[in-house]
Structure formats: structure tokens, C-alpha cells
Amino acid sequence: MQEEIQAVRVRAAFYRRERRSVRLAREFARSALAGWGVRRRADDVVLCVSELATNALLHGVPPGRGYRLWLALGAEDGLLRVEVHDSGDGEPRLPEPGGAADEESGRGLLLVSALADKWGVGERVPGKIVWCEWWGIGVESPGPPLPGGPHSQPPSSAMGK
């Protein structure tokens, strides 16, 4: 059986547990998107990077550790995937209805859920991978990938952790 292999552009960076890392992650993402010629929904992507990096910093990165930001763009299907890898335990969840909307904080995943086409949490030892995707962001006709297609598993899982 022959599988189709698609070229994927990847950028990754590691950030220490420090406040300025969220700003650096946003700048890194904006630079990667610009380098790939991605303009459509770039502000949505950068905002989601900011929210996921902030969550990793506040809830997922133990003292003395850091987190990894991983971005990948499929050259043919235009699927953009953002992953934030951290070594903390726990699983991020959307807040209960009426909960976070009334709070000063806790709305980050609500924003990610609203702005990204899909998001989720994957396993990592130690820790987790929180990811989000945008379909067809780098091509003219957006559409979701077919079930069982080349992006049904986190792309970085094949690269090792």
C-alpha cells in the first residue's frame, strides 16, 4: 500500500518558565506565519498561541522547566497546526457554561475553541500537548481533512518527544 506523503513546513521553539516567554512565543508564531506567506486568520492563530502559551506557563510548567511551541503547515492541504508541549499534569478543559464568562481569567480555551477549527489535548511523557488546527489556511479552498487522513494523529508524534 502506498501512502501519499505531503511536505510539511515546521518551526519549533523552546521557552523557559518566565513571563516574557508568552510575548516571545507570539512573535515567533507571527514570524513563522509571515515566512510561510500566511495572512488569512494570522491574528486568530497568534491569539491562540498566546492563550496556549499562557496556560502552559501558568498551569503546565513546573518551576525550572519550560514549554515547547511547535507549528506545522501542510504545503498541499494548508492545514496549520499549533502545539504547545509542557511537562505538567492535568488536562485542560473548557470551563462550565456561565463559569469563566463571568470571571477575570479562565477564558483562554474558550477563545481557542471559538477561533480554531479544532483543538484538543494529547499525551506526552511527562505532561501533555495542547494543540489547535486551522484547515486550508495556506490554500484558497479551505476544508476539513478527511477522517483517517495524514493529520488524524498529532504530526509531532512521529518525531518523538
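In the stretch 53-96, the convex hull through the Cα atoms has an average projected area of 4.2 nm², a quarter of its surface area. Using a simple spin-label model with pseudo-atoms 7 Å out from Cα toward Cβ, Arg39 and Ala114 lie 2.6 nm apart. Between Arg30 and Val8, the simple label model (points 7 Å from Cα in the Cβ direction) yields a spacing of 2.7 nm.
Readers should treat all values here as calculations from the given coordinates under stated rules, not as data from a laboratory. Just so it is clear, the structure is predicted and the values come from calculations on it, not from any experiment. Neighbour counts are summed over all protein chains in view; Cβ atoms, including those assigned to glycine, are modelled from backbone coordinates with ideal geometry.
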